[in-house]
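A short worksheet on the structure shown next.
Coordinate-derived values only; no laboratory data. Predicted model only: the values in this text are computed from it and were never measured. A quick note on method: Cβ atoms are made from the backbone with ideal geometry, for glycine too, and the neighbour counts reach across all protein chains shown.
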Amino acid sequence: MSSHASGVVAGPAGMPGRPFGTTLTAMVTPFDAGGAVDLDKVGELAVRLVDAGNNGLVVNGTTGESPTTTDAEKVDIIRATVEAVGERATVISGIGTYDTAHSIELARQAEQAGAHGGLLVTPYYSRPQQAGLLAHFTAVADATGLPIMLYDIPPRSVVAIAPDTLKKLAEHPRIVAVKDAKGDLQAGSEVIAATDLVYYSGDDPLTLPWISVGAVGIVSIIAHVVGPHVKALVDAANAGDLATARRIHLALMPVHRAMGRTGGGAGLVFARTALAQAGFDTGTPRLPQVPATAEQAAQIATDLSELAPLDTLVIPGSDATT
């Protein structure tokens, strides 16, 4: 088993074995009324999320609408986020595309802009072989000093990262973590047992199951609006307080239902809608995403109203309150 990951500290929230923190939000990108990136709102949202318990933020990911933002906008988003919370939380930037050369360019500009790490998604659309994945991830990781979180999401990329490929990638000194959004706990457990790669759930409903088999946290969408609940779940699960973690997990079911109201893959629309209902407007998504309908927004509001208050789920003095 390699040992590099356990000692890597990626940013302010990093700690041995948890290089990017434990409770991270994949942050939406606020746009102004004209559709431009609203950098003031980017900073305000980052502060709001960290104040709510997040110790890491992922910018320029799918939830941040990275397919529709320019490279220059991505740099501005990183800088605004780091300026706002870079001393309080780890800031990771999405750097992955289906083009290795472009991914290397994005990694270098993310490093120069002050990001603490890079989120490197499986190349999508082109469906490379495992040898291609290995070469792609290695080339990008070689290009900078950034610690890398691989993003395994076959629903979007089609191709999954095979366990044997992950085991080989684990030997790279800067490939330290995996965001898993394929939901295969058996495959993930195999990699966790054989390597020091640090696992993060990439699916909010699976946070507790993933931590139960060795993951350390979540890259969340729902934490845009229920950050304290998500943090308490992660903290309780990591502390071995399964009873508290299970109560919070079950209480979050209406929130997971709400996230599905806008269709598969449209978590960013849920996040924008829920933030607006909470009094924080992040603007309209860029096409091809569209805002929630009035009916969807009403359903989301109803679902969120069913969430039990956190103080009814956490017993004072439990590990989740410390």
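Projecting label points 7 angstrom from Cα along Cα→Cβ for I315 and T302 puts them 3.5 nm apart. Specify the inter-centroid distance of segment 231-303 and segment 17-89, based on alpha-carbon positions, in whole Å. Cα centroid to Cα centroid, the span is 17 Å. Counting neighbouring Cβ atoms within 10 Å and putting the fewest first, the residues F137, F270, F31, F280 line up as F280, F31, F137, F270. Amide H contacts of Y151 (H built 1.01 Å from N, in plane; Pro and chain starts excluded): L120, V121, T122, K179 sit under 5 Å, all sequence-distant by 5 or more or on other chains.
Assuming 0.36 nm per residue, please report the length gained on full extension of the stretch S126 to R108 beyond their Cα-Cα distance.
Length difference between fully extended and current span is 4.2 nm.
Computed extension gain for D164 through E44, at 0.36 nm per residue and net of the alpha carbon distance, reaches 39.1 nm.
Give me V230, V37 sorted ascending by neighbouring Cβ count inside 10 Å, so fewest comes first.
Neighbour counts put them in this order, fewest first: V37, V230.
Annotation: extensible slack from A239 through T68 equals 57.6 nm (criterion: 0.36 nm per residue apart, minus Cα-Cα distance). For a straight C-alpha distance cut-off of 24 angstrom, the lysines reachable from K231 (same-chain residues fewer than eight places away being disregarded) are K41, K179, K182.
Whole number please: convex hull volume per residue, Cα atoms of the chain, in Å³.
Working: hull volume 36.9 nm³, N = 322.
Hull volume over Cα atoms, normalised by residue count, gives 115 Å³.
Taking a sphere under 10 Å around the Cβ of E190 and counting the other residues whose Cβ falls inside, with K and R at +1 and D and E at -1, yields a net charge of -1. The residues L24, L185, L313, when put in order of fewest to most other Cβ atoms within 10 Å, stand as L185, L313, L24. Backbone geometry of segment 309-314 corresponds, through the Karplus equation with coefficients 6.51, -1.76 and 1.60 at θ = phi - 60°, to 3J(HN,Hα) couplings of x, 4, 5, 8, 9, 10 Hz, x marking Gly and Pro.
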